[in-house]
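Some notes on the structure that comes next.
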Amino acid sequence: MGWTLTSLAVQAGRFVGATGQWRGVAQVAHAREVAEHGVRPDGATVTARVYARRLEAASPADRKALEAALSELGDDAAVIERATASGAPLTAVAALAAAWHRLPDTAKETIRRPAGRGIGPVRFGSIRAVQVDRTTCGAAVMAMMLMRGDPFAAAWVATGRSLGDHLPSEAAAALEYGPRTIEERWHALQRVMHGATTSRALGVAPWPRGFGTPPWRVDDVTRYSGLRFRGAILDDTDSETMEAALAHASAALRDGIPVPLYVGGDSSGGLDQVMPRHVVLMTARTEAGLEIYEPSSGRVLPLGVDRFVEGGGKEPALGHWSRLSWMVLPRPARR
């Protein structure tokens, strides 16, 4: 097995005594507990908990409006929890609830489940949710994660509409591209996310866009339920590190939080493959393994848990790359 830049970096850090806090014994044990049992006994995900906090802090009139919005959507109540957790004004949440039953079924499905229902193609109406070009896998993953966390972003892609005069900042920026169709809006959103991660990736200097999405910028730009994020650099030749990484990823997924994952090749394929080269999004942990949105194919594909820890060959779920190099994880809540 050849070497990767990230594995060398982790090994060098370990040599001088610098290891990521996420690999600590207590942190890994907590992650395993969350992955097994959830954050709360009732199984509430992060969006449900943020909704509950906003409800508790709201005025009596706003509390009544939020409860009415949740009730209005019935089986789709999770959409209201996500909308509230996105930080949108409560007037916009109420407008979403009022408009819900008039939206086309295809739009509602995109808003409910931007990454689809599980293994298989991911579609927004009639289009496949693929990356714009070879440099925008990271941008597509970030756009998908944004749509998962913010129903107003998903509604804009699906319909081109704002609700309650509220438009997420990313969608507002995408208007610069003049998109008129679902596909054009999806592409415009990717371009906005790409620009946000590359504009100041080298301090005051921009990152060359042809090199894709720099992993150390994804944690700064990612927006999901008010959380803060951190990068976790991986040495996939070390089983202890990868077991810790799987525990943290599984905990995030159990809490309803998707996890961006950078992959690549190694020195056996040439020096151009030792850096992170492609980005996918871990969307679910199931009894069968992991479900991963792979943006070059526009599909959710399975990945066995053993493959995550033990390594192996090229995988369709990893965009036909073989090495795992970087994850973007939620930061622990301050106590």
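Within the range 288-315, no residue satisfies the criterion of being modelled with pLDDT under 90 and in contact with a Phe, Trp or Tyr (Cβ under 6 Å, 6 or more places away or on another chain). Taken across the range 248-255, residues that are part of a loop (DSSP other than H, G, I, E, B), touching a residue at least 60 places away in the same chain (Cβ under 8 Å) and crowded, with 19+ Cβ neighbours inside 10 Å do occur, with at least one present.
Of the residues making up the range 311-330, those that are under 27 Å from GLN21 (Cβ atoms) and either without any contact (Cβ under 8 Å) to a residue 24 or more places away in the chain or outside any strand (DSSP E or B) (or both) number 2. All of ALA29, ALA18, ALA78 fail the test of being among the small types (Gly, Ala, Ser), assigned by TED's automatic domain parsing to the domain that holds ARG323, surrounded by fewer than 19 Cβ atoms within 10 Å (Cβ to Cβ) and at pLDDT 95 or above, apart from ALA29.
Select the helices (runs of 4 or more DSSP H) contained entirely in the range 45-157, then report the ones holding at least 2 residues which are under 17 Å from the mean Cα position of the chain (by Cα) and under 22 Å from VAL300 (Cβ atoms).
46-57, 77-85, 105-112, 137-149
GLU240 meets the conditions (1) modelled with pLDDT under 95; (2) assigned to a strand (DSSP E or B); (3) over 29 Å from PRO168 (Cβ atoms) in every case but one. The failed one is (2). Screening GLY311 with (1) surrounded by fewer than 16 Cβ atoms within 10 Å (Cβ to Cβ); (2) on the phi < 0 side of the Ramachandran plot gives one miss only, at (2). Being of a type outside the set (S, T, N, Q) and at pLDDT 80 or above is the filter; apply it to the range 191-214 and report the residue that is surrounded by the most Cβ atoms within 10 Å (Cβ to Cβ). The residue in question is MET193. Looking only at the range 96-122, filter to residues that are surrounded by fewer than 16 Cβ atoms within 10 Å (Cβ to Cβ) and in contact (Cβ under 8 Å) with a residue 60 or more places away in the chain; which one of those is nearest to GLY160 (Cα to Cα)? By that ranking, first place goes to ALA99.
So which residues in the range 274-306 are polar (S, T, N, Q) and free of Cβ contacts under 8 Å to residues at least 60 places away in the same chain, if there are any at all? Spell out how you get there, then give the answer.
As a first pass, look at the range 274-306 and keep what is polar (S, T, N, Q): 283, 286, 296-297.
Matches in the range 274-306: THR286 only.
The values are calculated or read from the model by the stated rules, or taken from the named source; none is laboratory data. None of these values were measured; they are calculated from a predicted model. For neighbour counting, all protein chains shown are included, and Cβ atoms are generated from backbone atoms with ideal geometry for every residue, glycine included.
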